[in-house]
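S.K.: Quick one: the structure is below, and I'll ask about it shortly.
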Amino acid sequence: LDEEPGHGLAMALSGHLSLYGRSDAATALPQLKAAVAAGPNEALAWLFLANALGATGDGDGAVQAIDTARGLSPVDPLGYYYDVFAASAYSAAGRHEQALAFAQRSIDRNVMHLSSWVQLIIEQVLTNRMDDARRSAAHYLSVRPSASVARFLDTHVARGTPLARRDADALLEAGLPT
């Protein structure tokens with residue numbers, strides 16, 4: 001950014017770091033909107049914008065942004081990453097069947113991506129597939145035995161929001177420890 005302040009990808013990474021590294025959605029959102037304006041064909045900028053919009057309660061905007069990101073990079077080797085972000089965006093928009101399909105697709109593409117398992121468990125609970133959710137939670141805990149809902153809440157990009165609480169309640173219901 002020091003060398004090229006209007007570089008879309010650099011701006012997107014800065015916004016993503018603001019959201020995840022500093023939990024600063026108020027800074028991240030305008031950074032990410034500027035990133036997509038500077039680089040409208042930069043798929044990662046749209047991907048990170050989708051996540052920020054979902055975390056700040058704009059589920060419909062998150063869905064539009066993730067659909068744009070996926071359209072810009074339809075055969076990306078990181079497709080599982082786009083899919084888990086899509087699951088999160090659709091979940092924020094209350095479109096849980098679609099969110100579930102994206103979470104499952106993410107796992108199908110990369111079974112070791114643990115964040116995808118978390119999103120899958122949440123969506124299984126929110127679509128009332130409790131047996132599946134409990135099996136998925138048991139598998140997740142076998143791979144990450146130190147997992148807890150408290151740890152999830154500590155690292156959630158929307159921590160302190162109703163969205164984070166909804167997701168945490170779903171994980172508790174599926175059997176993750178507090």
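The values are calculated or read from the model by the stated rules, or taken from the named source; none is laboratory data. What you see is a predicted model; the values in this text were computed from it and never measured. Heads up, the Cβs are rebuilt from the backbone with ideal geometry, glycines too, and the neighbour counts pull from every protein chain shown. In case anyone asks, the SASA skips ligands and DNA or RNA and just uses the protein heavy atoms, side chains included. Shrake-Rupley method; radii C 1.70, N 1.55, O 1.52, S 1.80 Å.
S.K.: Set the Förster distance to 22 Å, then compute FRET efficiency between Asp67 and Asp131 from the Cβ-Cβ distance, nearest 0.05.
M.R.: On the way: r = 31 Å, r/R0 = 1.41.
After rounding to 0.05, the efficiency reads 0.10.
S.K.: A further question follows. Ignoring ligands, DNA and RNA, what percent of the accessible area of the chain is carbon or sulfur (1.4 Å)?
M.R.: Numbers: 4480 of 8370 Å².
The nonpolar share, carbon plus sulfur, comes to 54 percent.
S.K.: Return P(r) of the stretch 111-178 (all Cα-Cα pairs; 5 Å bins starting at 0; whole %; ordered from short to long distances).
M.R.: Histogramming the stretch 111-178 at 5 Å steps yields 4, 20, 33, 27, 14, 3 percent.
S.K.: Taking the C-alpha atoms of the chain, how large are the radius of gyration and the largest Cα-Cα span, Dmax, in Å?
M.R.: 15.8, 53
S.K.: Taking just the C-alpha trace of the stretch 5-66, give me its Rg and Dmax in Å.
M.R.: Rg, Dmax (Cα atoms, Å): 10.0, 29.
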